[in-house]
Amino acid sequence: MQNLRKKFPVLQQCIYANTAATGLMYEDLMEWRQEHDLDYLIGGSEMKMKSFANLSQVRETVGDFFNCKPHNVALVPNFTIGLNLLLEGLPQNANVLLLDSDYPSLNWPFMSRNFNTEFLEMTWDMEAKIHERITTGKFDVLAFSMIQWINGIKMDLDFVRKLKSEFPNLIIIADGTQFCGTEKFDFETSGIDILGASAYKWMLSGYGNGFYLVKDEVKERFKLKSIGNWSVDISGDSPDNIPFCKHLEPGHVDTLNFGSLQFSIQFLEGIGMDHIKNQLELLSQKAKAEFSALGLLEGKVVQRNQHSAIFNVKGNQTLFDKLTQENVVAALRGDGIRLSFHFYNTENEIDAIVDILKS
């Protein structure tokens, strides 16, 4: 991992603990993007037509990476746009269960429509609470973030699989924005029906690209309305019988952004997702132990057996300013300071942050 750090120039200037806000650009991707735009500069429309034709390969790359059929991959500019398009096709009387402090771009699109929406408090044993409420209620949809944006609480995937097995008619929708790119993920066996994500964070793909993964079995539960020329592959053909995922791609898909997504998936695969997961687990365990010892973590985080590499430590603007002065890049979120670590971070950086927190 130390050699990889050289590909991220920002790491030479600071302790970057802010991937949960923005993943870093790396030299290899910058060079690919420069080459792409140089080809566009000298090739014009001919280059773009060839690039559009290659977008099917992007879907295949995404599908292979997450074990999802390529025709069940939709390329979207970001998670939020995709979810809003999707929910326009969900029956208005659907009963929906959400977590009360989940990411606004997940909760708000449900809240702004005429769904029967209920919220559960996010507790240390939230999986047990979800199971209890699903068992006693009549819900059509459960939606949640795989990893919580403020405090890094991570949904137990074993629980999700068991829940789907017990309640096969429950539509499970997940936001993978803070999760995808942190470990191997098998969509087909996950128990999740629909997973969407923006790819500018842990997948290091830059802005303007994301994706949705959809199970065949859930498509009949939606009546999607969004449509455009791109939905029929820009051919101007009849809009009848449009594939499900093409409803989520009504307009042009940018070849620079989605080529960046494909490039970064191949970059992550080159590192090895097992190596990335191991590094993140090492950093997570160390950070949790150190921050817990200082009494800086919420009780519901401390009590959980597994956690992500995102932490929210108790602190105010003064502490945040102190971290900034010491060249630690973090973010004020919720009632504290969010610190997030990717594979390019080190244990020594966590030690340095702990020393600042102690001081």
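The values are calculated or read from the model by the stated rules, or taken from the named source; none is laboratory data. These figures come from a predicted structure and were not determined experimentally. Ideal geometry is used to build each Cβ from the backbone, glycine not excepted, and the neighbour counts take in all protein chains shown. These accessible areas exclude ligands, DNA and RNA; they are computed on the full protein's heavy atoms, side chains included. Shrake-Rupley method; radii C 1.70, N 1.55, O 1.52, S 1.80 Å.
Among the residues of region 261-272, those that are in a helix (DSSP H, G or I) and more than 16 Å from the chain's Cα centre (by Cα) comprise F263, Q266, F267, E269, G270, I271. On the stretch given as region 168-194, residues that are farther than 12 Å from L157 by Cβ, over 14 Å from the mean Cα position of the chain (by Cα) and part of a loop (DSSP other than H, G, I, E, B) total 5. The residue of region 289-303 that is farthest from D355 (Cα to Cα), among those that are part of a loop (DSSP other than H, G, I, E, B) and open to solvent by 50 Å² or more (accessible area, probe 1.4 Å), is Q303. The number of residues in region 45-76 being modelled with pLDDT of 95 or more, part of a helix (DSSP H, G or I) and open to solvent by less than 80 Å² (accessible area, probe 1.4 Å) comes to 9.
Counting the residues of region 203-235 that are under 17 Å from V73 (Cβ atoms), open to solvent by 80 Å² or more (accessible area, probe 1.4 Å) and either part of a loop (DSSP other than H, G, I, E, B) or in contact with a Ser or Thr (Cβ under 6 Å, 6 or more places away or on another chain) (or both) gives 1. If the Cβ limit is 6 Å and pairs must be 6+ apart or interchain, which residue in region 165-186 that is on the phi > 0 side of the Ramachandran plot pairs with which residue that is buried (at least 24 other Cβ atoms within 10 Å of the Cβ) and in a loop (DSSP other than H, G, I, E, B)? Pairs that qualify, where the first residue is on the phi > 0 side of the Ramachandran plot and the partner is buried (at least 24 other Cβ atoms within 10 Å of the Cβ) and in a loop (DSSP other than H, G, I, E, B), are G181/W202; G181/M203. The single residue among K286, K277, K322 that is of a type in the set (K, R), open to solvent by 20 Å² or more (accessible area, probe 1.4 Å) and more than 19 Å from E183 (Cα to Cα) turns out to be K322. Within region 21-34, which residues are part of a helix (DSSP H, G or I) and surrounded by 11 or more Cβ atoms within 10 Å (Cβ to Cβ)? Matches in region 21-34: E27, D28, L29, M30, E31, W32, R33. Go through region 336-359 and report how many residues are in a loop (DSSP other than H, G, I, E, B), closer than 14 Å to G152 by Cβ and either among the aromatic types (F, W, Y) or without any contact (Cβ under 8 Å) to a residue 60 or more places away in the chain (or both). Matching residues across region 336-359 total 1.
What residue, among those in region 77-102 that are among the polar types (S, T, N, Q) and free of Cβ contacts under 8 Å to residues at least 24 places away in the same chain, is least open to solvent (accessible area, probe 1.4 Å)? Step by step, filter region 77-102, then rank; the result is N93. Look at region 48-63: where a residue is basic (K, R) and a partner is open to solvent by 60 Å² or more (accessible area, probe 1.4 Å), sitting 6+ places away or on another chain with Cβ atoms under 8 Å, you get K48/Y40; R59/H71.
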